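> Before I ask anything, let me first share the structure, which is written out below as structure tokens.
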Amino acid sequence: AAGVKAYLEQTGTPGQVLYFGCPAEESGSGKSYLVREGLFDQVDTAICWHPAPFTGVNRPFSLACAEFEFAFTGKAAHASSSPELGRSALDAVELMHIGINYLREHMSSTSRIHYAIVDAGGAAPNVVQAHAVSRQMIRAESLEEMWQLVERVSDIARGAALMTGTTMALRQVGGDANLVANDVLESAMFE
């Protein structure tokens, strides 16, 4: 940004340089919020920079990414005296994760699915957990491929809910498109 500003001043070229720090790169989609708030509305060209251990143009590669929470709701029960009365949301999360692990064999080798149990329903092991939440990050080379994978993961979650007698609610919490390279601008930036 400082280099482009200096160039504009030295050459008398009209223009304005804006510099934005972009937080929450992978888990939060910070740029999406900046776009939504209109910060890029008057921008003709956006140049992205990412730290690296060398000086040069790195071939941009970034998978399209969407992050979802799959929240399961069941019915609490005492796990020893009346487990048949319960419907385990935690079992649904575990079955979902097993299903996703089997899906890995049948998806593109460049796609990725990462997950975390963000709510296991509680700390007491003698209770059938009535709620549990799994956060999934689903990545693929293109938006189209990513959305197809999201649908397959959602089907697995619906199946896990069906198997356990629970319900499942889906909420998207973030997402980004894959990067698209521009060799001309990248070369100009490097020069």
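The values are calculated or read from the model by the stated rules, or taken from the named source; none is laboratory data. In this text, all values refer to a predicted model and were calculated from it rather than measured experimentally. Backbone-built Cβ (ideal geometry, glycine too); neighbour counts: all protein chains shown. The area values use the complete protein model at the heavy-atom level, side chains included, leaving out ligands, DNA and RNA. Shrake-Rupley method; radii C 1.70, N 1.55, O 1.52, S 1.80 Å.
> Counting just the residues of region 122-145 that are in contact with a strand residue (DSSP E or B) (Cβ under 6 Å, 6 or more places away or on another chain) and among the charged types (D, E, K, R), which one comes out farthest from residue 64 (Cα to Cα)?
135
> Hey, can you tell me all the residues within region 59-97 that are surrounded by fewer than 12 Cβ atoms within 10 Å (Cβ to Cβ) and assigned to a loop (DSSP other than H, G, I, E, B)?
Our first condition is that a residue be surrounded by fewer than 12 Cβ atoms within 10 Å (Cβ to Cβ); within region 59-97, this holds for 59, 61, 80-82, 84-85.
Correct list: 59, 61, 80, 81, 82.
> So, in region 141-191, how many residues would count as being farther than 27 Å from residue 45 by Cα and among the hydroxyl-bearing types (Ser, Thr, Tyr)?
Final tally of qualifying residues: 4.
> A further question follows. Just one of 73, 13, 45 is in contact with a helix residue (DSSP H, G or I) (Cβ under 8 Å, 6 or more places away or on another chain), closer than 24 Å to residue 138 by Cβ and polar (S, T, N, Q); which is it?
Working: 13 fails: closer than 24 Å to residue 138 by Cβ; 45 fails: closer than 24 Å to residue 138 by Cβ.
Testing whether each residue is in contact with a helix residue (DSSP H, G or I) (Cβ under 8 Å, 6 or more places away or on another chain), closer than 24 Å to residue 138 by Cβ and polar (S, T, N, Q) leaves just 73.
> Which one is farthest from residue 86 (Cα to Cα), of the residues in region 121-141 that are assigned to a loop (DSSP other than H, G, I, E, B) and either open to solvent by 40 Å² or more (accessible area, probe 1.4 Å) or of a type in the set (Val, Ile, Thr) (or both)?
Taking region 121-141 as the starting set, the residues that turn out to be assigned to a loop (DSSP other than H, G, I, E, B) are 121-126, 129-130, 141.
Remaining after also requiring either open to solvent by 40 Å² or more (accessible area, probe 1.4 Å) or of a type in the set (Val, Ile, Thr) (or both): 122-126, 141.
On the way: 122: 15, 123: 16, 124: 14, 125: 13, 126: 12, 141: 41 Å.
The selected residue is 141.
> Taking interchain pairs and intrachain pairs at least six residues apart, which have beta carbon atoms under 8 angstrom, with the first residue in region 121-138 and among the basic types (Lys, Arg) and the second modelled with pLDDT under 95 and not in a loop (DSSP other than H, G, I, E, B)?
Going by the 8 Å Cβ cut-off, the qualifying pairs are 135/67; 135/173.
> Shifting gears a bit: Quick one: residue 28 ticks every box in (1) at pLDDT below 90; (2) of a type in the set (Gly, Ala, Ser); (3) open to solvent by 30 Å² or more (accessible area, probe 1.4 Å); (4) in a loop (DSSP other than H, G, I, E, B) bar one, so which box is it?
Of everything listed in (1) at pLDDT below 90; (2) of a type in the set (Gly, Ala, Ser); (3) open to solvent by 30 Å² or more (accessible area, probe 1.4 Å); (4) in a loop (DSSP other than H, G, I, E, B), residue 28 misses just condition (3).
> Go through region 166-183 residue by residue and tally those that are open to solvent by 70 Å² or more (accessible area, probe 1.4 Å) and modelled with pLDDT of 85 or more.
Of the residues in that region, 4 qualify.
> Looking at (1) hydrophobic (A, V, I, L, M, F, W, C); (2) over 16 Å from residue 99 (Cβ atoms); (3) open to solvent by 40 Å² or more (accessible area, probe 1.4 Å), which is the only condition residue 163 fails?
That leaves (2) as the condition not met.
> Okay, moving on. Quickly run through region 51-66 and pick out the residues that are over 14 Å from residue 181 (Cα atoms) and either of a type outside the set (S, T, N, Q) or in contact (Cβ under 8 Å) with a residue 24 or more places away in the chain (or both).
Answer for region 51-66, where residues must be over 14 Å from residue 181 (Cα atoms) and either of a type outside the set (S, T, N, Q) or in contact (Cβ under 8 Å) with a residue 24 or more places away in the chain (or both): 51, 52, 53, 54, 56, 65, 66.
> Kindly list the number of the only condition in (1) at pLDDT 95 or above; (2) of a type in the set (Ser, Thr, Tyr); (3) closer than 30 Å to residue 130 by Cβ that fails for residue 11.
Failing condition for residue 11: (3).
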